[in-house]
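These notes are about the structure you will find just below.
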Amino acid sequence: MGEAEPAGMQRRQVLAAVVAGAAAAPAWSAAAPDDAAWAALRAGGIVLLRHAEAPGVGDPPGFTLGDCATQRNLSGRGREQARRVGERLRAQRVAVGAVWTSQWCRTRDTAALLALGEPREEPAFNSFFDERGDPRAQTAAARERLLAWRGPRALVVVTHQVNITALTGAGVTSAEGIVLSAAQGRLDVVGRLEAPR
């Protein structure tokens, strides 16, 4: 194996991937009406949902992908947020065709608590924060997976803030989502689903 890249270089690569994603992403308006987002989801759109509240930033030293005890995990409030997001999608009559999630415990737990269907792990949506993963390759793979979605039901993807920003140019808080439509090789931002209060 080759030598690890210096931390500064890795951080620059993450920043470059986020900037490239933002440049490729369509403009997003903070004033986009909720109605448009819900209509898009009912028509088979996509929501990129940031995992619910998990106190802290990044992951602790000793992080291991398959061991939740080594990761940042959902708080009690986060678990309630996830349940409420699922309830809201059902109340808005959004039929969900698939739930994809990164392999981090906080995303898997959020996806399970939504109670919208059996979550499926999709490594393209794994976090690349703090020198984990390959930002460019993962963003390209995630974009490809999203563009292949054909509905007719909605796709719910539970992932991380860095991934969502790289794909859309938009920032999100915990349990907040960005709604997209995929057509003609483009991902268009339709609106935002605010986090439960």
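The values are calculated or read from the model by the stated rules, or taken from the named source; none is laboratory data. What you see is a predicted model, and the numbers here were worked out from it, not measured in a lab. Backbone-built Cβ (ideal geometry, glycine too); neighbour counts: all protein chains shown. Just the protein is used for accessible areas: all its heavy atoms, side chains included, with ligands, DNA and RNA removed. Shrake-Rupley method; radii C 1.70, N 1.55, O 1.52, S 1.80 Å.
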Just checking, does the range 159-171 include any residue being closer than 25 Å to Asp35 by Cα and part of a strand (DSSP E or B)? yes
Do the conditions hold for Val85, that is, is it touching a Phe, Trp or Tyr at 6+ places or on another chain (Cβ under 8 Å), over 20 Å from Gly169 (Cα atoms), touching a residue at least 60 places away in the same chain (Cβ under 8 Å) and surrounded by 16 or more Cβ atoms within 10 Å (Cβ to Cβ)? no
Checking the structure you have, find out if any residue of the range 133-153 is touching a residue at least 40 places away in the same chain (Cβ under 8 Å) and more than 24 Å from Leu187 (Cβ to Cβ). no
Among Ala40, Ala115, which is the only one that is in contact with a strand residue (DSSP E or B) (Cβ under 6 Å, 6 or more places away or on another chain) and surrounded by fewer than 23 Cβ atoms within 10 Å (Cβ to Cβ)? Ala40
When you go through (1) of a type in the set (Phe, Trp, Tyr); (2) farther than 21 Å from Ala166 by Cα; (3) open to solvent by less than 20 Å² (accessible area, probe 1.4 Å) one by one for Trp100, which number turns out not to apply? (2)
Test Gly21 against the stated conditions and say whether it is exposed (fewer than 15 other Cβ atoms within 10 Å of the Cβ) and either at pLDDT 80 or above or touching a Leu at 6+ places or on another chain (Cβ under 9 Å) (or both). no
Subset of the range 165-180 (residues that are of a type in the set (Ser, Thr, Tyr) and open to solvent by less than 40 Å² (accessible area, probe 1.4 Å)): Thr165, Thr168, Ser174
Of the numbered conditions (1) out of contact with any Asp or Glu (no Cβ under 7 Å at 6 or more places or on another chain); (2) surrounded by 23 or more Cβ atoms within 10 Å (Cβ to Cβ), Glu144 fails exactly one; give the number of that condition. (2)
Kindly establish whether Val162 is among the hydrophobic types (A, V, I, L, M, F, W, C), open to solvent by 10 Å² or more (accessible area, probe 1.4 Å) and over 12 Å from the mean Cα position of the chain (by Cα). no
